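Written below as structure tokens is the structure these notes are about.
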């Protein structure tokens with residue numbers, strides 16, 4: 001494990017996230033991972049901060065609403081098939097970890113585990129969340145929400161950033 | 001003017017923003033700039049996105065609520081005095097541009113001008129905004145809001161990113 005400076009790798013992280021990364025969250029015995037392609041990284045409320053967006057139709061949303069934290073695992077290897085699977089199937093119906101052969105590893109500083117794969121990992125403690133209000137979204141984005149299942153934006157303080 | 005890739009310079013931009021940068025917005029004849037120290041950069045809603053946070057007590061807030069866009073000018077030179085002034089005085093009371101000897105230059109792709117100074121500049125079109133709801137903010141941050149003047153988070157699609 002090699003510690004990384006969270007912002008120094010933001011460019012590489014975002015480039016890879018756009019091709020797919022794993023957002024993993026756990027609360028109690030409920031654990032799930034899903035594929036994300038969007039994120040923001042920066043410094044807000046005097047803290048290093050990572051933002052993810054999750055539609056309220058997602059099983060991960062149900063977990064995040066009760067979780068204290070989340071992790072983002074950005075694989076350096078080719079996990080295309082697993083990313084496709086975890087972006088289209090629901091953790092309500094299948095065990096994505098078994099189906100994709102994904103292993104988890106304990107978070108260093110959060111309850112949620114990471115996906116145990118080479119790449120960049122962010123561990124984030126939820127500090128703020130906001131459910132999107134479409135009244136304040138530019139109408140050009142309506143096409144992203146045909147089912148009206150808007151995202152909730154979760155802001156997590158970055159507790160650890162490292163490479164496996 | 002040298003075009004920059006918005007994410008490739010995110011690390012340098014955030015490092016400097018933490019020491020102070022100019023957030024500038026214009027609507028009609030109302031123009032103001034203020035100092036920011038927080039920001040997020042990333043990719044959301046399938047677009048390059050820049051997030052800024054503005055307290056509702058700010059004159060810039062009154063402008064942004066009616067503006068289509070904003071710019072962020074991140075000086076490479078030492079503008080410490082101007083950044084201090086623009087972070088503590090209100091554009092309701094003073095003309096910050098005159099007082100600080102700050103010149104503006106037209107935005108390349110937005111209505112709001114930039115601060116005409118060497119550094120990194122982001123021009124952003126507002127796509128989404130959300131007023132913070134303290135009910136969803138970790139109580140550890142209460143100390144940032146003794147006056148209860150919470151931030152509104154503005155998400156602007158990055159239209160241009162360049163160096164002067």
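Of note:
- The set of residues in region A:98-110 being part of a loop (DSSP other than H, G, I, E, B) and surrounded by fewer than 18 Cβ atoms within 10 Å (Cβ to Cβ) consists of A:101, A:103, A:106, A:108, A:109.
- Hey, residue B:70 under 28 Å from residue A:54 (Cβ atoms), crowded, with 22+ Cβ neighbours inside 10 Å and either away from chain A (no Cβ under 14 Å) or without any contact (Cβ under 8 Å) to a residue 24 or more places away in the chain (or both) or not: yes
- Restricting region A:124-152 to residues that are more than 9 Å from chain B (Cβ to nearest Cβ) and in contact (Cβ under 8 Å) with a residue 24 or more places away in the chain, the residue that is surrounded by the fewest Cβ atoms within 10 Å (Cβ to Cβ): A:147
- Answer from B:19, B:47 - the residue that is surrounded by fewer than 20 Cβ atoms within 10 Å (Cβ to Cβ), under 16 Å from the mean Cα position of the chain (by Cα), within 12 Å of chain A (Cβ to nearest Cβ) and within 29 Å of residue A:14 (Cβ to Cβ): B:19
- Some residue of region A:149-164 being in contact with a helix residue (DSSP H, G or I) (Cβ under 7 Å, 6 or more places away or on another chain) and part of a loop (DSSP other than H, G, I, E, B): yes
- Only a single criterion out of (1) within 14 Å of chain A (Cβ to nearest Cβ); (2) crowded, with 23+ Cβ neighbours inside 10 Å; (3) part of a loop (DSSP other than H, G, I, E, B) is not satisfied by residue B:40, namely (3).
- Some residue of region B:75-94 being within 14 Å of chain A (Cβ to nearest Cβ) and in a strand (DSSP E or B): no
- Count of residues meeting criterion [in contact (Cβ under 8 Å) with a residue 40 or more places away in the chain and either buried (at least 24 other Cβ atoms within 10 Å of the Cβ) or in a loop (DSSP other than H, G, I, E, B) (or both)] in region B:7-16: 3
The numbers here are math on the coordinates, done by the rules we state, and not lab data. Given the structure is predicted, the values throughout are model-derived calculations rather than measurements. All Cβ positions, glycine included, derive from the backbone under ideal geometry; neighbour counts span all protein chains shown.
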